[in-house]
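What follows is calculated from the coordinates using simple rules that are stated; it is not laboratory data. Only a predicted model underlies this, so the values are computations on that prediction, with no experimental measurement involved. Note: ideal-geometry Cβ built from the backbone for every residue, glycine included; neighbour counts use all protein chains shown.
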Amino acid sequence: MYKLSGPECLQKGHPDCADRRNKLFRDYLSMNPNTRIPVLAPDNAPLMPTLYRRAQQWVDSSQAEWVSNDLNIKQVRLFQEPSSRNAQPIVVGIDPGKKFSGIAVQSSLFTLFTAHLILPFPNITKKMTGRRILRRARRGRRINRKVAFHLRAHRQKRFDNRRQKKLVPSIRANREFELRIVKELMRLFPVSQIVYEYIEAKGDKAFSPVMVGQKVMLEWLSKLAPVTTQFGWETAKLRTHLKLVKQKSDKSVQSPQTHAVDGIALASSQFVEYRAYRRLKEDGYHWVGSVRITPSPFRVIARPNLFRRQLHFENFSTGRVRKRKGGTITPWGLRSGDFVQAQKAGRIYRGWIGGFSEVNKVVSVYDHNWHRIGQFSVSKVQLIKRSTRLCVA
C-alpha cells in the first residue's frame, strides 16, 4: 500500500484530495516549524525560500497561489514582482552511487531539501541482458554453422562499433536520472553552486561502476551552474564534524541517514572549510565557517519501470499462445506512470499505473519501489496526476 510521507502536491481539480493534502502538510510543518518552501516569481524564476505561514498569508491575501511541481514539494508563486531578487548562496550536493544516490540542497542557515534516489541500474541491466539473449538467438537461427565460413549468411559490418566512446546504457540512465533531479531543483531554488563527489580508485582497489561517466556528468552539470568536486574521504571528515550519523549497514534503507547525509555534507563544504593555520611556534588545521543543519522535506524518488510495446512474450503460454507484452497506453485514457487512487474492498490505495488487462478491464498499480500493489477495476481507479516519469514518495 502506498502511504503518504510528508506533504503531497496533487493535481488541481480533485477536491476530495485537497483537504487531506493540506491537512497532511500542516501536520508536517507543525513538526518542522523552520521548514522553508520554494517561492517563484511571476515569470517562474526561483526566489529565496520562505516559511510556510508567510506563504499562506500571501495566498490568503491573493498575493500568490499554490503551484505543483514534479518533486511533490509545496511551493508558492507570486502574482506581483518581488521587492528584490537578491539570493543567498544555495548549494546542491550530489553523492552518486551504483544503485542509490543522495542529493541535498543547503544554504548557510537551512537545509532546504534532501532526497534518496533509487537508480534504474538493475532494471536497465536486466533489459539489456534480455535483449542480448534474443539477438544472439536470432543470429543462431539465421546462420548455418555447418557450412564453410565464406558461405554463411554473414553481412558486412556497417560501422566499426569497437571504437565508440559512449556510456553504457545502465550508467547513462543513472547519470541522466541524477541530472533530471538537479534540473528540477534548479527550477525551485536559486542554486549558485553544485558539489559532486568524485570517486577515484587507487592501488589495488576494485574497479567501481560509479567511476564510469563522472567526467561526462561534470560536463552536463557545468552547463547548469558552477561545479566543484570533493573526494569521499573529505565528505566523511566533514560529515563527522557536522555530527551527521550515516547508516552504513544497509544502503538500500530509504532514510536520510543512508545517502542524503552525504549530500548535506557535500553541500555544506561551501560554507565550512578545514583550513591550515600557522601561529608562533604552532602549525595545524582547524575548521573555518559555520552552517546550520535543520529539518527539511525528504523524498524517495525512483523511475517507473516502463516496458515498451513488444510483439509478444518470449515464451509460450498455455495452448502455445504468446500473449501481448508491454505498452504504455491503456484503452481507458490512463498511461503507465500515472499517479492514481484506486479502491478495492473498501480500502484506498495510491500508486502508479504499470500495466493493464484489456480482457478483464483491470489496471495494475505499483508503489514507488515498483512492487505491485494489486490489480484494480478501471471504474475504481481515479487519476490524480499525469506521469512525470518520476515516482516520488
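So the values come out like this:
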| item | result |
| --- | --- |
| Per-residue ³J(HN,Hα) for region 259-276, Karplus 6.51 cos²θ - 1.76 cosθ + 1.60, θ = phi - 60°, Hz, x for Gly and Pro | 10, 5, 5, 5, x, 5, 5, 5, 5, 6, 5, 7, 10, 10, 9, 8, 10, 7 |
| Taking 286, 150, 312 and counting other C-beta atoms within 10 Å, the order from fewest to most | 150, 286, 312 |
| Global size of region 304-393 as Cα Rg and Dmax, reported in angstrom | 13.4, 41 |
| Hydrodynamic radius (Kirkwood) for the chain, which is based on Cα pairs only, to one decimal in Å | 24.0 Å |
| Computed [θ] at 222 nm, helices only, for the chain once each DSSP H run of length n ≥ 4 contributes -39500 (n - 2.57) | -7500 deg cm²/dmol |
| Per-residue Cβ neighbour rank within 10 angstrom, fewest leading, 58, 220 | 220, 58 |
| Under 17 Å from the Cα of residue 385 - lysines, other chains or at least 8 residues apart | 3, 12, 74 |
| Charge dipole (region 43-195, unit charges on Cβ, about Cα centre) - positive-most of 101, 69, 113 | 101 |
| Over 32 Å between alpha carbons, listed pairs 215/325; 183/243; 246/281 | 215/325; 246/281 |
| Beta bridges per DSSP with both ends in the chain, % antiparallel, nearest 5 | 75 percent |
| Estimated dipole of the chain in Debye, rounded to 20 [Cβ of Lys and Arg +1, of Asp and Glu -1, Cα centre] | 3120 debye |
| Within-9-Å neighbourhood charge of residue 311 [Cβ basis; K, R +1; D, E -1] | +4 |
| Order of 111, 228, 258 - criterion: other Cβ atoms within 10 Å of each residue's Cβ, fewest first | 228, 258, 111 |
| Region 328-362 and region 367-393: distance between their alpha carbon centers, rounded to Å | 6 Å |
| In sequence order, calculated HN-Hα J values of region 292-305 (Karplus, 6.51, -1.76, 1.60; Hz; x Gly/Pro) | 10, 9, 10, x, 8, x, 10, 10, 9, 10, 9, 9, x, 8 |
